[in-house]
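Visitor: Got a structure for you, written out below as structure tokens; questions coming shortly.
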């Protein structure tokens with residue numbers, strides 16, 4: 001079963017994402033993005049896909065910072081990353097910078113279950129070289 005970790009500062013979003021991902025056949029772990037030790041919790045969950053909110057108000061690290069920090073670690077170099085946000089201008093600006101990145105995608109909020117699962121499966125295929 002594919003391990004997916006969701007990091008967000010909205011508890012309701014985390015609960016919903018956990019339920020949806022499990023229903024769709026993924027092993028889901030959710031982490032409060034406001035935690036100072038969020039990177040340690042991601043490391044412990046050992047995800048194949050990281051779904052992270054671009055902006056987390058209570059944390060000094062934003063979503064892309066979290067993803068980059070995790071990918072600097074040898075065990076997580078191939079980590080697939082899905083950045084989510086309702087801030088469309090910020091997502092689009094970041095998307096242009098991500099053209100060179102392997103297995104990184106953006107998903108604007110709000111999104112549907114089908115959009116989410118397609119994005120996760122596409123990232124998994126990219127990260128495995130398929």
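Visitor: Return the single residue from 92, 62, 41 with maximal mean-square fluctuation; model: Gaussian network over the chain, springs between Cα atoms under 10 Å.
Guide: 92
Visitor: When the chain is fully extended, how far beyond the present Cα-Cα distance does residue 2 get from residue 43, taking 0.36 nm per residue of separation? Walk me through the numbers before you get to the answer.
Guide: On the way: separation 41, 0.36 × 41 = 14.76 nm, distance 1.54 nm.
Difference between extended and current length: 13.2 nm.
Visitor: Right, something else. Among 67, 80, 36, which one shows the highest mean-square fluctuation when the chain is modelled as a Gaussian network with alpha-carbon springs under 10 Å?
Guide: 36
Visitor: Stokes-Einstein at 25 °C, 0.890 mPa s, Kirkwood radius from Cα pairs: D for segment 41-130 in µm² s⁻¹? It would help to have the intermediate numbers written out before the result.
Guide: Values: Rh = 13.3 Å.
Stokes-Einstein gives a translational diffusion coefficient of 184 µm²/s.
Visitor: Multiply the residue gap between residue 16 and residue 88 by 0.36 nm, knock off their C-alpha separation, and tell me the result in nm, one decimal place. Please list the in-between numbers first.
Guide: Details: separation 72, 0.36 × 72 = 25.92 nm, distance 2.15 nm.
Stretched fully, the residue 16-residue 88 segment lengthens by 23.8 nm.
Visitor: For all pairs of alpha-carbon atoms in segment 1-55, what percent lies in each bin of width 10 Å, listed from the first bin to the last filled one?
Guide: 28, 59, 14
We did not get these values from a lab; they are worked out from the coordinates using the rules stated. Just so it is clear, the model here is predicted, and its values are computed rather than measured.
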